[in-house]
Amino acid sequence: MAKTVLVINSGSSSIKYQLVDLETGEGIASGLVEKIGEPIDGNYKHEYKGEKHKLTEPIHDHEQGLKRVLGFFKEYGPDLDESGIIAVGHRVVQGGSIFPNPALVNDKTIGKVKDLAVLAPLHNGPEAKGAEVMRSLLPDVPQVFVFDSSFFFQLPKEASTYALNKEIADRYQIRRYGAHGTSHEFVGSVVPELIGKPAEGLKQIVLHIGNGASASAQISGKPIDTSMGLTPLEGLVMGGRTGDIDPAVVFHLIRNAHMNVDELDALFNKRSGLTGMTGYGDMREVMRLADEGNEDAKLALDVYVHRIVAYIGNYTAQMGGVDVITFTAGVGENASTIRKMVIDRLAPFGVKLDEEKNNVHTSEPRVISTPDSSVIVAVYPTNEELAIARKSAKIAAAGKDSYGNVFEPADYSE
């Protein structure tokens, strides 16, 4: 029988899921639950063997949504009881300084994940709730938290420390945690085989560019730096986030625009970036506007690319060179125009793009630089679900995690 892991990504009003075959690495079935807790009808989508099933109904909470998801597996397949499921892996954005490694889900770890919601208010609460619900629905299956910030817990202190008053920083756990760590770790681990070079000593820059965007510098697969900080707001320009911005802008808007904390939070995280500059957070729409001659869209693309190139230069200097630059995630994998704009700005340093290879639309990993390029440029589709599944399976097989938690089936008897 195949061994599978069900990967769950619970958001504030949505749930993404995928059943992963550990042997092949493929997603057997996947789906999405949208508009949880909203006053309008929510949507369910479940896909298995090329067949797509949809349902629209009010979705009051995560428990209702996840019960329906398990019903889809029973009705449309594959039946989880017959699929060889060995674990459920839950993606969690913020593990703080508490969780440098994955952890078994139990009452104690659920409580700590909830406590860390102060560092990721939009993510940790719903993620803890999703694990709580799945633990009650599948009490005999090990549930595992896999933290997005764990990979960057290894950052050198010079990269993770803000030049903030030490007493305040320590008291309120203010440091650079990073995000998208599962993706950066996965891509960094598979690129050496793609380019035919040993991982040891390899200097990589990974560009995870989607609606959320981040960059990382890695040597021998270990993180040296990353663009996101205490929260995912820092770093590159994103769909709705500003990325790097002078913090004094906050003081300026409080004093002169009389904006409060919630208004500033929404402005910086949801109403800025590409959305704030063009009205669209979707890169395809921004490029369409730019092609039509829209000056705001052209400027937005230039700012977007400028920030990426700045980080490439920063990380190249920090590592003392770079061997490979890899694009991944939605924009990185699909927007050949953005890749060309970035690499063209690196031409003075001998980085050369094979334009024919760059323009090929495929989901396959590939090298898109010329043989004589000073730096290899690659595209590698990220697979966070597979990475989470593998980490969860390892914990489930051991029956314990690195924190001393031992798996015991959840007991919900009266």
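The values are calculated or read from the model by the stated rules, or taken from the named source; none is laboratory data. Since the model is a prediction, treat every value here as computed from it, not as a measurement. We place every Cβ from the backbone using ideal geometry, glycine too, and count neighbours over all the protein chains shown. Note: areas computed on protein heavy atoms with side chains; ligands, DNA, RNA excluded. Shrake-Rupley method; radii C 1.70, N 1.55, O 1.52, S 1.80 Å.
Observations, loosely collected:
- Relative contact order for the chain, counting Cα pairs under 8 Å that sit 6 or more residues apart, in percent: 15
- Amide H contacts for K400 (H built 1.01 Å from N in the peptide plane; partners 5 or more residues away or on another chain; cut-off under 5 Å): F407.
- The loop-placed trypsin sites (Lys or Arg not before Pro) in segment 1-90, going by DSSP, that have at most 15 neighbouring Cβ atoms within 10 Å of their Cβ come out as K49.
- Residues with amide H under 5 Å from that of A378, placed H, sequence gap 5 or more: I325, T326, F327, I368
- Charge dipole of the chain about the Cα centre (unit charges at C-beta), most positive-ward option of I245, V141, G37: I245
- Here the chain is treated with +1 on each Lys and Arg Cβ and -1 on each Asp and Glu Cβ, and its dipole about the Cα centre works out to around 740 debye.
- Sequence-separation-based contact order of segment 193-242, relative, with Cα cut under 8 Å and 6+ spacing, percent: 29
- Protection proxy ranking, peptides 128-138, 317-327, 224-234, 19-29, average beta carbon neighbours within 10 Å, highest first: 224-234, 128-138, 317-327, 19-29
- Accessible area in square angstrom per residue, the chain, 1.4 angstrom probe: 47
- Annotation: amide H-H contacts under 5 Å for A87 (H modelled 1.01 Å from N, sequence separation of 5 or more, or interchain): L6.
- Here is how the number arises for the chain: DSSP H runs of 4 or more residues each give -39500 (n - 2.57), the sum is divided by the residue count, and the result at 222 nm is -11000 deg cm²/dmol.
- Taking a ≥ b ≥ c as the square roots of the eigenvalues of the Cα gyration tensor, segment 4-155 is oblate, since a/c reaches 1.5 or more and a/b is not larger than b/c.
- Cross-link pairs beyond the 26 Å C-alpha cut-off, checked among K3/K74; K222/K394; K197/K352; K114/K394; K74/K270: K74/K270
- Beta bridge orientation in the chain: antiparallel %, DSSP, nearest 5: 70
- Under Karplus coefficients 6.51, -1.76 and 1.60, residue-wise ³J(HN,Hα) of segment 139-151 in Hz, glycine/proline x: x, 8, 9, x, 10, 10, 7, 10, 9, 5, 8, 4, 4
- The mean sequence distance of close C-alpha pairs (under 8 Å, at least 6 residues apart), as a share of the length of segment 4-155, puts its relative contact order at 24 percent.
- Of all DSSP-defined beta bridges confined to segment 4-155, some 75% are antiparallel rather than parallel.
- Centroid-to-centroid separation of segment 226-301 and segment 1-78 [C-alpha atoms, Å]: 31
- Dipole size of segment 4-155 about its Cα centre, with +1 on Lys/Arg Cβ and -1 on Asp/Glu Cβ: approximately 360 debye, rounded to the nearest 20.
- Helices meeting the span-like rule in the chain (full DSSP H runs, Cα extent of at least 18 Å along the helix axis, mean Kyte-Doolittle score of -0.5 or higher): 181-195, 295-319, 384-398.
- Under Karplus coefficients 6.51, -1.76 and 1.60, residue-wise ³J(HN,Hα) of segment 19-34 in Hz, glycine/proline x: 9, 9, 7, 5, 6, 8, x, 8, x, 6, 8, 8, x, 8, 10, 10
- Backbone HN-Hα couplings from phi across segment 196-205 [Karplus 6.51/-1.76/1.60, Hz, Gly and Pro as x]: x, 10, x, 5, 4, x, 5, 9, 10, 10
- Alpha-carbon centroids, segment 303-319 and segment 90-164: separation in whole Å: 29
- Stokes-Einstein translational diffusion, the chain - Kirkwood Rh over all Cα pairs, 0.890 mPa s, 25 °C, in µm²/s: 109
- Sum of side-chain charges, S160 neighbourhood, beta-carbon under 14 Å (Lys, Arg +1; Asp, Glu -1): +1
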